[in-house]
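A short write-up of the structure that comes next.
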Amino acid sequence: MVDPVEVVLKFEQAINSRNPEAVCSLMTADGEFIDSLGNGLRGAEKLRSAWTGYFKIVPDYSISHSEILVNDSTVAIFGSAQGTFSQNGSLKKENFWKTPAVAGHNQGPQGWALASTPTMSRSGPLCGSLPRSSSLG
C-alpha cells in the first residue's frame, strides 16, 4: 500500500522542482485538474501542457507546508503557495505573491487535491484529483 503522506510530499517536491513531467508522473493518464475558476483539464498531455505554461507564467512557483494532519488514509497539509508573475521573463518584486494553501490525498474517488485562496485564482491552479483506481507512483 502506498503511504499517502509520502504521496503528498512527493507531489509538493514535484511542484517545487517546476518540472511538468515530475508533477504529471504522480497523476494518472486520465487524471483531471480543476483550476480556481472551475475549468477542468483531463488527460496527461493537457495536464503537462498546463503545468508547462503555468511554470512559464510563475517560474519561481513553490508550495510549502507547516502542518500535516493524518487520519487513516486521508492526509492534509497546510502551508502556503508563492511565486512571481513573470512579465516578459522578468521577475519584479511587485509581482510576487504568497497565499495560504492546502494539499491533501485520500484513497477515495477524489484522490488528490491542491487548493489556495482566490489570490492565486487569476492564473493559478486550484485543485486536481485522481480517480479511485489511480496508481500514485
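Values in this text are rule-based calculations from the coordinates and carry no lab data. All values derive from a computational prediction rather than experimental measurement. As a convention, Cβ positions derive from the backbone with ideal geometry for all residues, glycine included, and neighbour counts pool all protein chains shown.
Of note:
- Between S64 and N19, the modelled labels are 2.2 nm apart [label points 7 Å from Cα along Cα→Cβ].
- Averaging the Cα positions of each part gives two centres, and for segment 89-103 and segment 7-24 these lie 18 Å apart.
- Under 19 Å from the Cα of K93 - lysines, other chains or at least 8 residues apart: K56
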